[in-house]
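Data block below; observations after.
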Amino acid sequence: MLRILRWLKHGAEPPTTATDTAASTTRVRRSRRNRGVRVGSWKRQNAASTSAPPVPALTTRSKAAKAKSKRPVRKATAPSDEAAATSSSAAAANLSAVAKPAIKKSRRKKVHIDILPDDILDGPVLDALGFKDLCALSLVCRRFDLAVNQGSKRWRTLYRERWGEPCAITAEASKLAGGWSKFYKAKHVAEKESAPWIQPCEYELQAILNHLASFSLGSFTEEAAAVAPAPAAPATMAPAASATSPGQRTMISRSVPRIMVTFLVDGSGSVTEEDFSTMTTFMSKAVATVNAHTEGRAKFGVIQFSNEVKVELGLGQITSQAFDAFANGMSRMNGGTNIALALSKACSTIASSSSSSGSAGGDGASASAAAAGPATCVAGVELPHLVLLLTDGRVDSYQAREAVDRAEQFASQVPGVTFFAFAVGRSVDKQELTKIVRKTCKLDPKAFETREDFNEAKDRLAETRVMGLRTLDEPPW
C-alpha cells in the first residue's frame, strides 16, 4: 500500500501487476548498488593514492618466479675430467679463503692468553671469582686449569672467608693435600657429606695427628730451640742442644719413652654411642701416628670419666694393634660430666708413674736420667706429656670454674704437660674448653711489646688447640 502511495505522489501510475512491481523494485536496488560501488571505489582509490603508491614490481617478480618454477628440470650430465678438476680447485680455493681468517683469529686469541702474565691471572682475574666460577674456569683450557689449581692466593682467601683465619695446622693440612685448592675442595666435600654435622676432612685429621706426634722428645726440643731467643737462653736449656744432636739421640735407650699421652674420655649421658665411637676411633689413629713417629717409644693411658673416674688403661707402651682391640672393647659410662675430677686423676696417675719408673732402666742413659731427676726428664730435658680431653664440654658454671682451677694446678705440678681438647657432640661449649687448654699455653713474654699482645697470642694458641671431631651447633634436647 505504501508503494502505491509513493507512485501516486510522484505522478506515476501504480503498477497493476506483480511483475511490474518486482521489476521496479529490482531497478531501484540495482541503482543503489551501483551508486554505492562507485562511491566505495572512489574512496578506495583516494586512500591508496594518499597513503602509498602501489608496487607493481612485486607481482611481476612473483609471476616470473612462478614461470621459472614451471620450467622442466634438465637431467644432470656427468662432467668431464677437466671440469671436475676446475671445480675442485675452485672449491679448495674458497675453503682456504674462508679458513685462513678463522685460523688467524684463533692464533691471535691464543697469543693473547699466552702473553697474559701469571700475576694478573692469579691476581685481579681470579680474585673476582667464587668457588663455583673457579671450578668452571678450570675446565676451559689447560692454561686456566693450571692457573686455578696452582694459584694459592685466591683459594686461601676463599678459605678465610668461609671458615676463618687459617692456623698452622690448617697450613700443614693444605701441604698434605697438595695445595690450597685441593684442600678447599676436600673440606667442602667432607662438610657436604657429613651435614648437618661438622667433621674435619682427612687432611685436617692427619695434620692434627702429625702435630701431636711432633711434641715427642726430639721434635719438642728442636721446636723449643728454634722458638727460644739465642742471647736470652736460660742456663737450664744448655743440655737441650746436646739432646737434639743425632749422636745424643742414639745414646738414649729404646726403653726410655719420648712422649707420654693420656686420653680423658667423656662417658657421660650427654655423649651418644656414635660420639663415643668417634672418640675411640680417634684414639686409635692417634696411637698409630705417635707410635710410627717415635718408633714405638711412647706411653699411653686412658681414663674415662663421668660423675666418677675409671682408669681404663695405665700409662705404658702398647702396640697399635693391641690398642685397637682395647678401644673396640671399651663401654661407655653414664652420669654427669666432671672434668675437674678427671684432671685430678690424670695428675696423680702421672705422678705415680714417674715415681714407679724413676729407678727403671738397664743402661747408663736411663741411670743418668734417673739421677738427673724424676722420670719426666730425659737427659735434663722435660719429657713432654700430652693430655687429650675428648668431651662435649657441657658443665655448669661451678664445675667449669673448678675445672679451670684444677688445670692450672696440673700445669704447675707437671712442667711438661700440654692440654688439647677435642669436641664431640651437640652444642659443644668451646669457650670452657679453651679456658682449660689456655693454662698450658706457654709463650715467651719478652717476644711481645705489650701485655695485651701477649694475651691475644695466648688466646689464639689456645683456640688452635681446641678442635672439633664431630659437632653440631644445636641443643641436645
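The values are calculated or read from the model by the stated rules, or taken from the named source; none is laboratory data. The structure displayed is predicted, hence computed values, not measured ones. Positions of Cβ are generated from backbone atoms using ideal geometry, with glycine treated the same way; all protein chains shown enter the neighbour counts. The accessibility values were calculated without ligands, DNA or RNA, using every heavy atom of the protein model including side chains. Shrake-Rupley method; radii C 1.70, N 1.55, O 1.52, S 1.80 Å.
Some notes on this structure:
- Residue in the range 429-444 that is without any contact (Cβ under 8 Å) to a residue 60 or more places away in the chain and farther than 18 Å from R460 by Cβ present: yes
- Residues that are surrounded by 13 or more Cβ atoms within 10 Å (Cβ to Cβ) and under 21 Å from A407 (Cα atoms), drawn from the range 443-458: L443, F454, N455, A457, K458
- Being surrounded by fewer than 18 Cβ atoms within 10 Å (Cβ to Cβ), modelled with pLDDT of 90 or more and farther than 22 Å from F300 by Cβ is a property that does not hold for A371.
- Residues of the range 154-167 satisfying the condition of being surrounded by fewer than 13 Cβ atoms within 10 Å (Cβ to Cβ) and either touching a helix residue (DSSP H, G or I) at 6+ places or on another chain (Cβ under 7 Å) or at pLDDT below 80 (or both): none
- When the range 314-332 is limited to residues that are in contact with a Gly (Cβ under 7 Å, 6 or more places away or on another chain) and either open to solvent by less than 40 Å² (accessible area, probe 1.4 Å) or among the charged types (D, E, K, R) (or both), the one that is nearest to R394 (Cα to Cα) turns out to be R332.
Each row is one residue, and each column tells you yes or no for (1) surrounded by 24 or more Cβ atoms within 10 Å (Cβ to Cβ); (2) among the basic types (K, R); (3) modelled with pLDDT of 90 or more.
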site	(1), (2), (3)
T262	yes, no, yes
G269	no, no, no
T278	no, no, yes
F282	no, no, yes
V287	yes, no, yes
V290	yes, no, yes
H293	no, no, yes
G301	no, no, yes
